[in-house]
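A short worksheet on the structure shown next.
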Amino acid sequence: MHLLNDLELIGKIDKSKMLERLLNFPYQYEMTERLVRDIEFPFFAEEIKSMILSGMGGSALGGDILISYLKKNLKIPAMVNRNYFLPGFADEKTLVIVISYSGNTEETLTSLNDAYEKGSKLVAITSGGSVEEFCSERNIPLIKIIGGLQPRESLGYIFFILLALMEKSRFIEGQQADISETVELLKTLSKDYSPESSGEENIAKKLSLDIHGKIPLLYGIQDLTDSIALRWKCQFNENSKIPSFYNVFPELDHNEIEGWDTDHSLGNNFFVIILRSLEETENITRQIEITKQIITDKVGGIREVWGKGNGRLARIFSLIYLGDFISLYLAILNGVDPTPVKNIERLKNQLIKS
């Protein structure tokens with residue numbers, strides 16, 4: 001584990017200083033609190049019949065996590081839209097929250113215009129760009145967040161703004177107790193998972209070493225850890241620069257489990273991580289245990305991970321934070337700067353030219 005304890009070497013690989021920003025992640029809420037404190041949100045639950053959160057990549061993940069977190073609280077249909085256009089049901093009684101960290105995401109800009117033309121109730125979250133310009137010209141409510149990050153690094157800002165909007169629009173009651181627990185836990189975990197924490201108790205380092213050289217396969221639980229599994233998958237892609245895939249219980253036990261039936265060596269390339277939840281039902285627990293029995297000797301490794309904390313919000317973000325650290329440590333082990341996303345930028349530039 002000596003490589004992950006070497007601060008000087010980590011600094012040489014992590015040229016863009018993602019580790020520094022990751023250690024400061026728990027403080028994003030405090031900055032967000034100041035942003036939303038005085039916002040007069042013009043829309044209320046009584047006049048809203050459906051909700052769409054429209055975004056791509058790291059900007060959209062805050063919406064996934066919000067819907068997962070509020071699954072039992074929201075009394076209206078809610079979805080994340082990852083497309084150029086909104087679904088057909090979107091109308092003037094639909095609240096559309098457009099999220100684009102850069103403010104220049106092609107798909108999100110198109111969906112913003114689509115929502116405007118449909119007469120939907122609109123609000124945008126961005127750091128600037130064309131989204132800010134579009135909203136300013138049309139007096140669309142806009143929440144502007146700090147720039148200079150990669151979209152995936154802005155999750156705390158985006159999620160807690162969304163949560164505040166849900167409170168201000170009277171969809172949910174105040175969440176301050178759960179938020180406070182979450183922030184304090186993340187501050188503790190930032191020390192536990194930091195490079196200075198070099199013992200066996202640093203699960204972030206240990207798991208990164210276990211996964212290194214293999215393809216991470218994330219298994220989440222529908223409506224509980226599904227959005228977290230997606231977050232881990234995306235972080236392995238963008239930070240660690242490796243392929244990674246995810247699926248969810250119980251659906252994966254109706255198809256993917258059959259893929260492990262044949263005796264072949266392909267499975268040795270995969271390391272399975274199951275993201276568990278204290279709220280999972282007995283049916284799901286049985287499925288997970290049987291699935292483990294079936295695949296354990298067919299994959300290159302398997303590990304279960306549980307969230308920390310008393311409240312659901314704390315457990316969600318403790319798992320997210322762990323995955324972020326693991327993906328960063330994997331980047332170090334792979335000898336790559338985790339921040340730049342060259343292939344994504346190349347694709348965007350070619351789209352602009354075409």
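The values are calculated or read from the model by the stated rules, or taken from the named source; none is laboratory data. Nothing here was measured: the structure is a model prediction, and the numbers come from that model. Here the Cβ positions follow ideal geometry from the backbone for every residue, glycine too, while neighbour counts run over all protein chains shown.
Kindly establish whether residue 190 is at pLDDT 95 or above, among the hydroxyl-bearing types (Ser, Thr, Tyr) and over 23 Å from residue 70 (Cβ atoms).
Considered against the rule, which asks whether it is at pLDDT 95 or above, among the hydroxyl-bearing types (Ser, Thr, Tyr) and over 23 Å from residue 70 (Cβ atoms), residue 190 comes out as yes.
Can you confirm whether residue 158 is surrounded by 15 or more Cβ atoms within 10 Å (Cβ to Cβ), assigned to a helix (DSSP H, G or I), within 22 Å of the chain's Cα centre (by Cα) and not aromatic (Phe, Trp, Tyr)?
Yes.
Can you pull out every residue in segment 113-129 that is more than 22 Å from residue 148 (Cβ to Cβ) and either hydrophobic (A, V, I, L, M, F, W, C) or not in a loop (DSSP other than H, G, I, E, B) (or both)?
113, 114, 115, 116, 117, 118, 121, 122, 123
Within the group 180, 208, 169, which residue is outside the structural domain of residue 313 (by TED's automatic domain parsing), small (Gly, Ala, Ser) and in contact (Cβ under 8 Å) with a residue 40 or more places away in the chain?
Just a single option satisfies the conditions, and that option is 169.
Would you pick out the residues in segment 73-112 that are farther than 14 Å from residue 53 by Cα and not in a loop (DSSP other than H, G, I, E, B)?
Listed by number, the list holds a single entry, 106.
Would you please name the residue that is surrounded by the fewest Cβ atoms within 10 Å (Cβ to Cβ), looking only at residues in segment 295-320 that are out of contact with any Ser or Thr (no Cβ under 8 Å at 6 or more places or on another chain) and in a loop (DSSP other than H, G, I, E, B)?
The selected residue is 310.
Residues in segment 328-347: is at least one assigned to a helix (DSSP H, G or I), out of contact with any Pro (no Cβ under 7 Å at 6 or more places or on another chain), of a type in the set (Lys, Arg) and in the same structural domain as residue 217 (by TED's automatic domain parsing)?
no
Within segment 119-132, identify whether any single residue is buried (at least 21 other Cβ atoms within 10 Å of the Cβ) and at positive phi, and answer yes or no.
No, every residue in segment 119-132 fails to be buried (at least 21 other Cβ atoms within 10 Å of the Cβ) and at positive phi.
Of the residues that sit in segment 199-229 and are touching a Leu at 6+ places or on another chain (Cβ under 8 Å) and not hydrophobic (A, V, I, L, M, F, W, C), which one is nearest to residue 302 (Cα to Cα)?
Of everything passing the filter in segment 199-229, 219 is nearest to residue 302 (Cα to Cα).
Does residue 284 meet the test of being in contact with a Pro (Cβ under 7 Å, 6 or more places away or on another chain), touching a residue at least 24 places away in the same chain (Cβ under 8 Å) and in the same structural domain as residue 218 (by TED's automatic domain parsing)?
yes
Since residue 182 meets every condition but one in (1) hydroxyl-bearing (Ser, Thr, Tyr); (2) closer than 25 Å to residue 337 by Cα; (3) buried (at least 17 other Cβ atoms within 10 Å of the Cβ), which condition does it not meet?
Every listed condition holds for residue 182 apart from (2).
How many residues are in a helix (DSSP H, G or I) and among the β-branched types (Val, Ile, Thr) when one looks only at segment 1-56?
Here the count works out to 4.
Would you call residue 292 part of a helix (DSSP H, G or I) and basic (Lys, Arg)?
Judged against the criteria, residue 292 is a match.
Are any residues in segment 237-267 in a helix (DSSP H, G or I) and out of contact with any Lys or Arg (no Cβ under 8 Å at 6 or more places or on another chain), and if so, which ones?
237, 251, 252, 253, 254, 256, 257, 258, 259, 266
Within segment 69-97, track down each residue that is touching a residue at least 60 places away in the same chain (Cβ under 8 Å), over 23 Å from residue 149 (Cβ atoms) and buried (at least 21 other Cβ atoms within 10 Å of the Cβ).
Answer for segment 69-97, where residues must be touching a residue at least 60 places away in the same chain (Cβ under 8 Å), over 23 Å from residue 149 (Cβ atoms) and buried (at least 21 other Cβ atoms within 10 Å of the Cβ): just 95.
Would you be able to tell me the number of residues in segment 7-20 that are within 20 Å of the chain's Cα centre (by Cα) and surrounded by 19 or more Cβ atoms within 10 Å (Cβ to Cβ)?
2
Taking residue 12 as the residue in question, decide whether it is at pLDDT 95 or above and outside the structural domain of residue 127 (by TED's automatic domain parsing).
In short, yes.
Within segment 165-180, restricting attention to residues that are in a helix (DSSP H, G or I) and of a type outside the set (Ser, Thr, Tyr), which residue is nearest to residue 78 (Cα to Cα)?
My answer is 166.
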